[in-house]
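Asks: Handing you this structure, nothing more for now.
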Amino acid sequence: SGWHVPTDGEWTDLENHIISQGFDASEGNALKSTYGWYNGGNGTDDFGFSALPGGCRRDYDGSFDDAGYFGFWWSSSPSGGDAWGRFLRRNSPVMIRIGDNPRGGYSVRCLRDAD
């Protein structure tokens, strides 16, 4: 109660805010934790988001994959039969928008509801 999974628009608002602060094409690094990413993939955590590379659960076989290399987060917004999400890669400074099967297991970051 009092929290929600962000919409695709709220994720876009976050990205736009980070870009407006001078992190264009490096918004992913600005959100990544300063530890936990394999092979030098750590970020600068300039906004206290502390994104960690939790990987994901595959929708087609239930296996867990990519921990340490990728971080995936759901939005609450549908994309046709899929859902919108965001992901960060160990070897990339950007945040990527992705539409994927909602049966897959991504992390969620909740936002506090407005008063």
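The values are calculated or read from the model by the stated rules, or taken from the named source; none is laboratory data. Quick caveat, the model's predicted, so the values are computed rather than measured. All Cβ positions, glycine included, derive from the backbone under ideal geometry; neighbour counts span all protein chains shown. For accessibility, only protein heavy atoms count, side chains too; no ligands or nucleic acids. Shrake-Rupley method; radii C 1.70, N 1.55, O 1.52, S 1.80 Å.
Asks: Ignoring ligands, DNA and RNA, how do 1, 63, 33, 76 rank by accessible area with a 1.4 Å probe, largest first? Walk me through the intermediate numbers first.
Replies: On the way: 1 160, 63 45, 33 0, 76 65 Å².
These residues rank, largest area first, as 1, 76, 63, 33.
Asks: Additional query: If you add up the charges near residue 97, with Lys and Arg at +1 and Asp and Glu at -1, over every other residue whose beta carbon is less than 11 angstrom from its beta carbon, what do you get? Don't jump to the answer; show the numbers that get you there.
Replies: Values: positive: 86; negative: 8, 15, 100.
So the surrounding residues net to -2.
Asks: Here is a follow-up. Per q in 0.16 Å⁻¹, report the Debye log10 I(q)/I(0) for the chain, using one uniform scatterer on each alpha carbon and no solvent.
Replies: Taken in order of the listed q values, log10 I(q)/I(0) reads -0.73.
Asks: Restricting to bridges with both residues inside the chain, how much of the DSSP beta-bridge set is antiparallel, in percent to the nearest 5? Don't skip to the end; give the middle numbers.
Replies: Working: 18 of 21 bridges.
In the chain, DSSP labels about 85 percent of beta bridges as antiparallel.
Asks: For a quick check of understanding: with a 1.4 angstrom probe and all protein chains in place, what accessible area in square angstrom does residue 5 have, to the nearest ten?
Replies: My reading of the accessible area for residue 5 is about 50 Å².
Asks: What distance in nm separates the simple spin-label points at residue 47 and residue 82, each placed 7 Å from Cα in the Cβ direction?
Replies: Distance between label points: 2.3 nm.
Asks: Follow-up question, since we're still on this one. Accessible area, 1.4 Å probe, largest first: how do 115, 82 sort? Working shown, then result.
Replies: Working: 115 195, 82 60 Å².
Solvent-accessible surface, decreasing: 115, 82.
Asks: Which value at 222 nm does the chain reach when only helices count, each DSSP H run of 4 or more adding -39,500 (n - 2.57), with the total divided by all residues and rounded to the nearest 500 deg cm²/dmol?
Replies: My calculation for the chain gives -4500 deg cm²/dmol from helical runs alone.
Asks: Further question: What is the Cα centroid distance between region 7-29 and region 44-75, reported in whole angstrom?
Replies: 18
Asks: Next up: For q = 0.20, 0.30 Å⁻¹, what log10 I(q)/I(0) does region 9-50 give under the Debye formula with an equal point scatterer on each alpha carbon and no solvent?
Replies: Here the Debye-derived log intensity ratios amount to -0.57, -0.99.
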